Amino acid sequence: GSVMPPPISEPLVELAQRDGFPYPVPPGMRLQTLYQDAQVKPLGWLSLVEWPQTQLDGTTVLTYRTVCRPPAVVLMPTNSKGEVMLVTTTQPGAGTYEGFVAGDTEPGDPSIFYRAVKELGEETGYIADEYHLVYFHQFAASIQWFAYTIIATNCHKIGEPIADIGERSRPYFVSVDV
């Protein structure tokens, strides 16, 4: 089954101080412990992980490789009216596009929820009363890269988005008819 942590309804500072909050750890983050002989080679924000791999016929391939990148969070923020937040984002090289608030985790993040609160605040100037992990998946079988989908409920504005020279976001809410 999936791991569903309790809702979080703490101020950002208290959440940032939380250490070891339980959440599913993707296999890509555990390669060093799963494969005793694994060698990790840092490649900037990616890592190349190599280990001996026993095949189905019992033979051993000397080196099996995969690339790991930090997990990402994708937020589906809602407000008190039940509307869903989308953002219009502009990035150099990517142009302007519509989507959800998202971002990669960074070394030192104590949990995916810490990153979710930080991304929501920085990109939109909003904070939510609760954060619920609803899904996580791997983007591609050949790369250890996971995304955690989090619903952030009852979002309210606490300030302006933090300006970033590499990204500009404009949040807006839309009604969802079900």
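The values are calculated or read from the model by the stated rules, or taken from the named source; none is laboratory data. Just so you know, these numbers come straight off a predicted model, no measurement behind them. Using ideal geometry, Cβ is built from the backbone for each residue, glycine included, and neighbour counts are taken over all protein chains shown. Remember, those area values only see protein heavy atoms, side chains included, never the ligands or the DNA or RNA. Shrake-Rupley method; radii C 1.70, N 1.55, O 1.52, S 1.80 Å.
Restricting attention to region 145-178, and to residues there that are among the aromatic types (Phe, Trp, Tyr) and either assigned to a loop (DSSP other than H, G, I, E, B) or under 20 Å from the mean Cα position of the chain (by Cα) (or both), which single residue is surrounded by the fewest Cβ atoms within 10 Å (Cβ to Cβ)? If we take residues in region 145-178 being among the aromatic types (Phe, Trp, Tyr) and either assigned to a loop (DSSP other than H, G, I, E, B) or under 20 Å from the mean Cα position of the chain (by Cα) (or both), then 145 is surrounded by the fewest Cβ atoms within 10 Å (Cβ to Cβ).
State whether one or more residues within region 129-139 are part of a loop (DSSP other than H, G, I, E, B), open to solvent by 50 Å² or more (accessible area, probe 1.4 Å), over 29 Å from residue 49 (Cα atoms) and not polar (S, T, N, Q). Looking for residues that are part of a loop (DSSP other than H, G, I, E, B), open to solvent by 50 Å² or more (accessible area, probe 1.4 Å), over 29 Å from residue 49 (Cα atoms) and not polar (S, T, N, Q), one finds at least one in region 129-139, hence yes. For residue 100, which of the numbered conditions (1) within 30 Å of residue 38 (Cα to Cα); (2) open to solvent by 40 Å² or more (accessible area, probe 1.4 Å); (3) within 17 Å of the chain's Cα centre (by Cα) fails to hold? Residue 100 satisfies all of (1) within 30 Å of residue 38 (Cα to Cα); (2) open to solvent by 40 Å² or more (accessible area, probe 1.4 Å); (3) within 17 Å of the chain's Cα centre (by Cα) except (1).
Taking residue 66, is it over 23 Å from residue 149 (Cα atoms), buried (at least 17 other Cβ atoms within 10 Å of the Cβ), β-branched (Val, Ile, Thr) and in contact with a strand residue (DSSP E or B) (Cβ under 7 Å, 6 or more places away or on another chain)? Spelling it out, residue 66 is indeed over 23 Å from residue 149 (Cα atoms), buried (at least 17 other Cβ atoms within 10 Å of the Cβ), β-branched (Val, Ile, Thr) and in contact with a strand residue (DSSP E or B) (Cβ under 7 Å, 6 or more places away or on another chain). All of (1) within 21 Å of residue 70 (Cβ to Cβ); (2) polar (S, T, N, Q); (3) open to solvent by 70 Å² or more (accessible area, probe 1.4 Å) hold for residue 105 with one exception: (3).
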